[in-house]
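The values are calculated or read from the model by the stated rules, or taken from the named source; none is laboratory data. Source: prediction; values computed, not measured. Cβ sites come from the backbone with ideal geometry, for glycine too, and all protein chains shown count toward neighbours. When the accessible area is computed, the model is the full protein with side chains, heavy atoms only, and any ligands, DNA or RNA have been set aside. Shrake-Rupley method; radii C 1.70, N 1.55, O 1.52, S 1.80 Å.
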Amino acid sequence: SIPAAISASVLSKNKRIVVLVGDGSLSFMLNEFSLIKKLNLRINIFLMNNSGQSMIRQTQDQWLSSNYLGSSHEGGLAKIDFCKVVDAYNINTSQIRYNNEILKGIRKCLKYKQSFCEILINKKKRVLPQVKFGRPNEDQEPLLPTKEYYQNMIIEPITR
């Protein structure tokens, strides 16, 4: 989402771009903060940090007996202090730890032209809906009842 936000910002002629990104995805895109700063783009980034790669852990729950090798800090994934990294680019950073801080934290982040807000999430939380291996993108879990699935399809669905 970070490269897409950069493109949207450049093309939108300085309209505010708000980005939601996970910590797994952001760890691959940290270098993009230099471009955001260099081009002085109006981007506010909200990081959903669940201390690892939750979508990969979900697959590991289903297929690999919850062996979180490479998708958790305990399984060898590097721990990154994202606020320190972003702060090094002189972009305003903040952090939300508790539910009662969410509205205040979002408002604070949106006061700045460029900002980064890390939202800490319990590492046991999972992403729903989710596309499962072998299923088409439009048939995500939790599965809809079959009749409802077929009634809501715009294109010819792949049969279940």
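Can you run down the residue pairs with Cβ atoms below 8 Å, 6 or more apart or on separate chains, where the first is in segment 30-54 and without any contact (Cβ under 8 Å) to a residue 60 or more places away in the chain and the partner is assigned to a strand (DSSP E or B) and open to solvent by 10 Å² or more (accessible area, probe 1.4 Å)?
Filtered contacts from segment 30-54: Q53/G22.
Give the residue, chosen from Y150, Y112, that is among the aromatic types (F, W, Y), in a loop (DSSP other than H, G, I, E, B) and modelled with pLDDT of 85 or more. Spell out how you get there, then give the answer.
On the way: Y150 fails: in a loop (DSSP other than H, G, I, E, B).
Selected residue: Y112, the only one of Y150, Y112 that is among the aromatic types (F, W, Y), in a loop (DSSP other than H, G, I, E, B) and modelled with pLDDT of 85 or more.
Answer yes if at least one residue in segment 60-83 is hydrophobic (A, V, I, L, M, F, W, C) and closer than 15 Å to Y112 by Cβ, and no otherwise.
Yes, there is a match, as at least one residue in segment 60-83 is hydrophobic (A, V, I, L, M, F, W, C) and closer than 15 Å to Y112 by Cβ.
Criterion first (open to solvent by 60 Å² or more (accessible area, probe 1.4 Å) and hydroxyl-bearing (S, T, Y)) does S65 satisfy it?
yes
Would you check if there is a residue in segment 103-110 being open to solvent by less than 60 Å² (accessible area, probe 1.4 Å) and either free of Cβ contacts under 8 Å to residues at least 40 places away in the same chain or of a type in the set (K, R) (or both)? Full working, then the answer.
So the first thing to find is which residues in segment 103-110 are open to solvent by less than 60 Å² (accessible area, probe 1.4 Å), and the list is 105-106, 109-110.
Applying the additional criterion that residues be either free of Cβ contacts under 8 Å to residues at least 40 places away in the same chain or of a type in the set (K, R) (or both) yields 105.
Yes, segment 103-110 contains a residue that is open to solvent by less than 60 Å² (accessible area, probe 1.4 Å) and either free of Cβ contacts under 8 Å to residues at least 40 places away in the same chain or of a type in the set (K, R) (or both).
Would you call I106 over 22 Å from G52 (Cα atoms) and among the β-branched types (V, I, T)?
yes
Look at segment 80-108 and say how many of its residues are under 17 Å from the mean Cα position of the chain (by Cα) and part of a loop (DSSP other than H, G, I, E, B).
Of the residues in segment 80-108, 3 are under 17 Å from the mean Cα position of the chain (by Cα) and part of a loop (DSSP other than H, G, I, E, B).
Can you go through L128, L77 and tell me which one is touching a Gly at 6+ places or on another chain (Cβ under 7 Å), assigned to a loop (DSSP other than H, G, I, E, B) and over 23 Å from A8 (Cα atoms)? Walk me through it before giving the result.
Numbers: L128 fails: touching a Gly at 6+ places or on another chain (Cβ under 7 Å).
Within the list L128, L77, the selection yields L77.
In segment 19-34, what residues are open to solvent by 80 Å² or more (accessible area, probe 1.4 Å) and over 18 Å from S71 (Cα atoms)? Quick ask: steps written out before the conclusion?
The initial filter retains those residues of segment 19-34 that are open to solvent by 80 Å² or more (accessible area, probe 1.4 Å), namely 20, 28, 31.
Listed by number, the residues that qualify are L20, N31.
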